[in-house]
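Inspection log for the structure reproduced underneath, given as structure tokens.
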Ligand SMILES: [Zn+2]
């Protein structure tokens, strides 16, 4: 990841990415003021005409789930946001529907705590069809054993660091060899860490230590989260053993999940990067996303 220092001004990075956002639940035009230049929408956003104040984005369109599965019964989700799949024979139709709507990533849910989950055959068929159509698969895995099921079926990424149980080292090592995890640590208590926060932090620490790829992501739209770089998420990542350079790599991935996301903005952080890691999060949250003409004015 390359950055450069604008003399006396601050540091310019590739546009920061929040890899887990629900645009339908927030005001997307506010994000660049908070430093976020690019986003991955993981469900519920129906494509419309782009506005210049929107972040650059790639999106999933619907949540693909079992009939009656999460989030089709959640109060925050509109009925049209979920795409039920009841069998392997139904998988191609569901995936093709997302592709036709412009999706470049498939979002599936395996939330055993909030309803029925996809069976093994349907899961494998969905992953296979998505890969055939060139889509990486991101899963929300929740409930004991669901993360392992997703991994075994060939899922590429988790929308949340697994938080339902401590994953054994052998499984974590295997996951680290080929998966990407989107962090979302702060959703577990929003500054008042819950048991799930501790489980997720421990899993993420070992996943990262084993070389697993981590993307910064917040699940923006669900819960009291700031519209921009989240100080608590940054502190939680540092707490899970990522260095400040690792955190910047998690924010600046040029091809997250091998996706091409447009990058019309860069992220500018005023002032000099502090030497003390303790001061890193405070410094980073002053970030703002700028178009290249806006940056020219600054320079
Ligand atoms: Zn989400």
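Coordinate-derived values only; no laboratory data. These numbers were taken from a predicted model, which means no experiment stands behind them. FYI the Cβ positions are ideal-geometry reconstructions off the backbone, even for glycines, and counts take in every protein chain you see.
Helix 120-132 and the longest principal axis of the C-alpha atoms of the chain enclose an angle of approximately 50°.
Nearest 0.05, what FRET efficiency do residue 5 and residue 73 give at R0 = 51 Å with Cβ-Cβ as r? Efficiency at R0 = 51 Å is approximately 0.50.
Simple spin-label estimate for residue 292 and residue 209 gives 4.3 nm between the two label positions (7 Å along the Cα-to-Cβ direction from each Cα). Start at zero, step by 10 Å, and the Cα-Cα distances of segment 1-79 spread as 16, 40, 26, 12, 5, 1 percent across the bins. Taking a point 7 Å from the Cα of residue 178 along the Cα-to-Cβ direction, the residues of segment 133-148 with backbone N closer than 19 Å to it are 133-141, 146-148. Peptides 120-133, 71-84 ranked from most to least packed give 120-133, 71-84, packing being the mean of other C-beta atoms within 10 angstrom over each peptide's residues.
Averaging Cα coordinates gives a centre for segment 1-62 and one for segment 238-289; these two points are 13 Å apart. Compactness ratio for segment 34-161: Cα radius of gyration over 2.2 N^0.38 Å (N = residue count) comes to 1.01. When the square roots of the Cα gyration tensor eigenvalues are ordered a ≥ b ≥ c, the ratio a/c for segment 142-195 is 1.5 or more and a/b exceeds b/c, which makes its shape prolate. Decide, for segment 43-113, between rounded, prolate and oblate: order the square roots of the alpha carbon gyration tensor eigenvalues as a ≥ b ≥ c, take rounded if a/c falls under 1.5, and otherwise choose prolate if a/b is larger than b/c, else oblate. It is oblate, given that a/c is not under 1.5 and a/b is not larger than b/c.
Stretching residue 100 away from residue 121 to a fully extended chain increases their span by 5.2 nm, per 0.36 nm per residue minus the current alpha-carbon distance. When you work out D = kT/(6 pi eta Rh) for segment 4-298 at 4 °C and 1.567 mPa s, using the Kirkwood radius from C-alpha pairs as Rh and the Stokes-Einstein form, the result is 67 µm²/s. For residue 27 and residue 231, the FRET efficiency from 1/(1 + (r/R0)^6), where r spans their Cβ atoms and R0 equals 35 Å, is about 0.95.
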